[in-house]
Amino acid sequence: MTKLKSRHILGISHLDREEISFILDTAESLKEILDRPIKKVPPLRGKTIVNLFFEPSTRTKLSFELAAKRLSADTVGISASTSSVVKGETLIDTARNIEAMRPDIIVMRHSMSGAPHLLARYIDSAIINAGDGTNEHPSQALLDLMSVKEHFGRIEGLNITIIGDIAHSRVAHSDILAFSKMGAKVTVCGPATMMPPGIETLGCHALYDLRQAVRDADVVMALRIQKERQGMALFPSEREYARVFGLDTSIFSVIKESCVIMHPGPINRGVEMSPEVADSSRAIILDQVTNGVAVRMALFTLLLTDSREE
Ligand code: CP
């Protein structure tokens, strides 16, 4: 594999297993740059990347920006509240105007599922989906794959359990697709009100009992409750959710000794995970964040250098 098939990264659903392996191999080789005293290499000198974030972000926005800077690309960022969207400009007009300034890549986060796919139909720049509504968050899934592969040396054959708001989580959707494509067995677990009908068609199976779901897991990933995407209360209270589906130290007597804990962030400490679990030696949550920079460096490199099929 030497090339990506698409000039956009819109979702894991658009990437095949070979492309995912290619991205992970590239990210692994680029990661050492992050540990150099001078963390900057020249391959993307003269390239321009626009970060267009219409929803809040800490990890994704900063790591796309750092990834670009590490590769010597120029970056500019704009958020919804400081853009002319607040004056009534449409998303397509905003994107067309940004494109008129000749960026090479537009990285976009939007609350509407499908927003980056829509832009990709109207503009010529490469688009990277940095999270669209409840649909996909492909770079998160890639960094999750990288973190698991780094820890276990493989993905194939591992048991991955994802807990929480499966219905509203774009991370869950991308991770289910990504881990199952790479040969892992994915189990999802959460309240029935947060489990979309037909979730098994994505390549996972659903359980509703936390202890049963984590018993054989190699990886337990907790998700944030996506309150901003829920039209109504889907569980009685946060305290009740934490009691039934939250990870506290009692989980350590159930999971395998080799099992690691992951979370895409941001964590609601005391809801989906207690501070003792989040800060434990089992957690590889900050490794996920570091790998996020490497994965995003790989995406920029593969989209902007001679690594894409025409
Ligand atoms: N994991 C993730 O998408 O975090 P941010 O919302 O902070 O970018």
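So which of Lys47/Lys87; Lys5/Lys185; Lys185/Lys256; Lys3/Lys40; Lys31/Lys181 end up more than 18 Å apart by C-alpha?
Numbers: Lys47/Lys87 29 Å; Lys5/Lys185 26 Å; Lys185/Lys256 16 Å; Lys3/Lys40 24 Å; Lys31/Lys181 23 Å.
Over 18 Å Cα-Cα: Lys47/Lys87; Lys5/Lys185; Lys3/Lys40; Lys31/Lys181.
How much length, in nm to one decimal, is gained on full extension between Val254 and Glu89, taken as 0.36 nm per residue of separation minus their Cα-Cα distance? Numbers along the way, then the final one.
Details: separation 165, 0.36 × 165 = 59.40 nm, distance 5.25 nm.
Result: 54.1 nm gained on full extension.
So which GluC sites (Glu not before Pro) in the stretch 70-158 end up in coil per DSSP with only 11 or fewer other C-beta atoms within 10 Å?
Working: sites: Glu89, Glu99, Glu136, Glu150, Glu156; in loops: Glu89, Glu156.
Those that pass, being in a loop and sparsely packed, are Glu156.
How long is the gain from Leu286 to Ser111 if the chain were fully straight, where each residue apart is worth 0.36 nm and the alpha carbon distance is subtracted? It would help to have the intermediate numbers written out before the result.
Values: separation 175, 0.36 × 175 = 63.00 nm, distance 2.52 nm.
Here the segment from Leu286 to Ser111 would lengthen by 60.5 nm.
Can you find, among Val214, Ile163, Thr249, the residue sitting farthest towards the positive end of the charge dipole of the stretch 138-286, where Lys and Arg contribute +1 and Asp and Glu -1 at Cβ?
Ile163
Report, in debye and to the nearest 20, how large the dipole of the chain comes out about its Cα centre when Lys and Arg carry +1 and Asp and Glu carry -1 on their Cβ.
Working: 36 positive and 38 negative charges, 111 e Å.
Here the chain has a charge dipole of around 540 debye.
Which net charge results for the neighbourhood of Arg211, defined as the other residues with beta-carbon distances under 15 angstrom from its beta-carbon, given Lys and Arg at +1 and Asp and Glu at -1?
Numbers: positive: Arg215, Arg243, Lys256; negative: Asp209, Asp216, Asp248.
So the environment of Arg211 carries a net charge of 0.
Please give the residues of the stretch 41-58, grouped as numeric ranges, whose backbone N is less than 12 Å from a label point set 7 Å along the Cα-to-Cβ vector of Thr82.
51-53
Tell me the per residue accessible area of the stretch 42-152 using a 1.4 Å probe; a whole number in Å² is fine.
On the way: 4610 Å² over 111 residues.
Value for the stretch 42-152: 41 Å² per residue.
Helix 59-70 sits at what angle to the longest principal axis of the chain, using alpha carbons and giving 0 to 90 degrees rounded to 10?
40
Summing +1 for each Lys or Arg and -1 for each Asp or Glu, what net charge is found among the other residues whose Cβ lies under 14 Å from the Cβ of Ile176? Could the numbers behind the result be given before it?
Numbers: positive: Arg170, Lys181, Lys185; negative: Glu136, Asp144, Asp165, Asp175, Glu200.
Local net charge: -2.
Considering only protein heavy atoms and a probe of 1.4 Å, how much of the accessible area of the chain is carbon and sulfur, as a whole percent? Let's see the in-between values first.
Values: 6790 of 13250 Å².
Looking at the chain in its full context, I get 51 percent from C and S.
Report, to the nearest 10°, how far helix 285-304 tilts away from the longest principal axis of the Cα atoms in the chain, using its own Cα long axis and a range of 0 to 90°.
30
Out of all DSSP beta bridges with both ends in the chain, state the antiparallel percent to the nearest 5.
Numbers: 1 of 38 bridges.
Close to 5 percent.
Among residues other than His263 whose Cβ falls under 15 Å from its Cβ, what is the net charge (Lys/Arg +1, Asp/Glu -1)? Can you show the working numbers first?
Details: positive: Arg59, Arg170, Arg224, Arg269, Arg282; negative: Asp144, Asp165, Asp175, Asp248, Glu272, Glu276, Asp279, Asp287.
Taking every other residue near His263 into account, the sum is -3.
List the residues of the stretch 238-255 whose backbone N lies under 20 Å from a point placed 7 Å from the Cα of Glu276 along the Cα-to-Cβ direction.
239-255
Roll a 1.4 Å probe over the protein heavy atoms and report the accessible area of Tyr122 in Å², nearest 10.
Here the accessible area works out near 100 Å².
For the stretch 138-286, with only Lys/Arg (+1) and Asp/Glu (-1) charged at the beta-carbon, what is the dipole magnitude about the Cα centre, in debye rounded to 20?
Numbers: 15 positive and 17 negative charges, 27 e Å.
It works out to roughly 140 debye.
The values are calculated or read from the model by the stated rules, or taken from the named source; none is laboratory data. The structure displayed is predicted, hence computed values, not measured ones. Cβ: placed from backbone, ideal geometry, glycine included. Neighbour counts: every protein chain shown. Just the protein is used for accessible areas: all its heavy atoms, side chains included, with ligands, DNA and RNA removed. Shrake-Rupley method; radii C 1.70, N 1.55, O 1.52, S 1.80 Å.
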